[in-house]
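Below: the structure, in structure tokens.
The values are calculated or read from the model by the stated rules, or taken from the named source; none is laboratory data. Since the structure is predicted, the reported quantities are computational estimates derived from the model, not experimental observations. Every residue, glycine as well, gets a Cβ built from its backbone with ideal geometry; the counts of neighbours run over all protein chains shown.
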Amino acid sequence: MESDAINANNAYNISLVKTTQIIPSSSTQDLVNKGIILYKITVTATVRNTNGSIARNQAISFANYPQNANVKQVSYEGRTDSNGTAKAYYEVRGVTNFTVRAQCGRTQKSLSITPNEKCDYQNTFYLTAYIIALESDYSASTKVAAAGISNYKFRKEFLDAVKLNGSGYSDDNKFYIRYNASTKQYEKKDPVTATGTTPTVGRTIAVDNYYIPRYNTTAQYGCVSIADVGNRKAEDAGGGIKKYHIDVFVGNGKAKANAFAYNQKYKKVTYLGNNKNI
């Protein structure tokens, strides 16, 4: 067939398009580096002979040109398939403009690409809920002293919950307390996230900052849309929050945690960018 034969002029018509963009489930480098997300982009070339017929099984090469330190070509298909297409795959750090150049025979085609900041994660995330502990949830517990806070007593199970959740509100004493894991003592202080903000219902989530940006040095706080939950900002951390796991702040007390309908559910997550107004 003519389309399978070597083109006599070694010239072709090439169309080049960006076909997919995801935040990948696996990559050759860190998914988040210094607060900047990594995208994976697929570019598809379709090659035809000059008479319009499909150019099957033709050698093709791809390059990101000029070279860009934020762009890495991870693989490409070296020959066109039965439809005359071949794909190349790129890892791109952040919203970095770059150019892909495809060559088949003596024909070259270039495409300028700017990644969309908003992008779906390939993996779903496991959701849990976290709260500020309320002392009134533990009314049957015995009152004891809290290391680090003098002249007050607290219900023992409440102190255990504060240690687990990081902070709590003493209904009996009408103030917030926090647990300092470094000193192993309690403090009479308002709740605070790992990034120094006040945990806020409808905004705050705790994340693993390898997967969702949470980078204090340059204040790169990733914002995401969680299916059925809404938009949230990565402001907090937790010892048990690893990999594709998001802990959603839902407020004060057990009742708020129990009312969170998506606890221990897997949900689609879309990255919106850093430092959005949420």
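In the stretch 125-143, of all residues being surrounded by 16 or more Cβ atoms within 10 Å (Cβ to Cβ) and among the β-branched types (Val, Ile, Thr), the one that is nearest to residue 267 (Cα to Cα) corresponds to 128.
Of the numbered criteria (1) over 19 Å from residue 277 (Cα atoms); (2) part of a strand (DSSP E or B); (3) touching a Gly at 6+ places or on another chain (Cβ under 6 Å), the one residue 178 fails is (3).
Right, residue 191: in contact with a Lys or Arg (Cβ under 8 Å, 6 or more places away or on another chain), buried (at least 17 other Cβ atoms within 10 Å of the Cβ) and in a loop (DSSP other than H, G, I, E, B) or not? Spell out how you get there, then give the answer.
Values: in contact with a Lys or Arg (Cβ under 8 Å, 6 or more places away or on another chain): yes; buried (at least 17 other Cβ atoms within 10 Å of the Cβ): yes; in a loop (DSSP other than H, G, I, E, B): yes.
Considered against the rule, which asks whether it is in contact with a Lys or Arg (Cβ under 8 Å, 6 or more places away or on another chain), buried (at least 17 other Cβ atoms within 10 Å of the Cβ) and in a loop (DSSP other than H, G, I, E, B), residue 191 comes out as yes.
Please return the ranges of strands (runs of 3 or more DSSP E) entirely within the stretch 12-107 where 1 or more residues are buried (at least 16 other Cβ atoms within 10 Å of the Cβ), without any contact (Cβ under 8 Å) to a residue 60 or more places away in the chain and of a type in the set (A, V, I, L, M, F, W, C).
In the stretch 12-107, 36-49, 61-64, 71-76, 85-93, 98-104 are the strands (runs of 3 or more DSSP E) which contain 1 or more residues that are buried (at least 16 other Cβ atoms within 10 Å of the Cβ), without any contact (Cβ under 8 Å) to a residue 60 or more places away in the chain and of a type in the set (A, V, I, L, M, F, W, C).
Output yes when any residue across the stretch 121-129 is in contact with a helix residue (DSSP H, G or I) (Cβ under 7 Å, 6 or more places away or on another chain), assigned to a strand (DSSP E or B) and not assigned by TED's automatic domain parsing to the domain that holds residue 20, and no when none is. Yes, the conditions are met somewhere in the stretch 121-129.
Taking the stretch 161-175, which residues are of a type in the set (D, E, K, R) and either assigned to a strand (DSSP E or B) or farther than 20 Å from residue 206 by Cα (or both)?
Across the stretch 161-175, the qualifying residues are 171, 172, 174.
Residue 199 passes every criterion in (1) at pLDDT below 95; (2) touching a Ser or Thr at 6+ places or on another chain (Cβ under 6 Å); (3) over 21 Å from residue 32 (Cα atoms) apart from (1). Checking the stretch 124-143 against the condition returns no match, with no residue being at positive phi, modelled with pLDDT under 95 and out of contact with any His (no Cβ under 7 Å at 6 or more places or on another chain).
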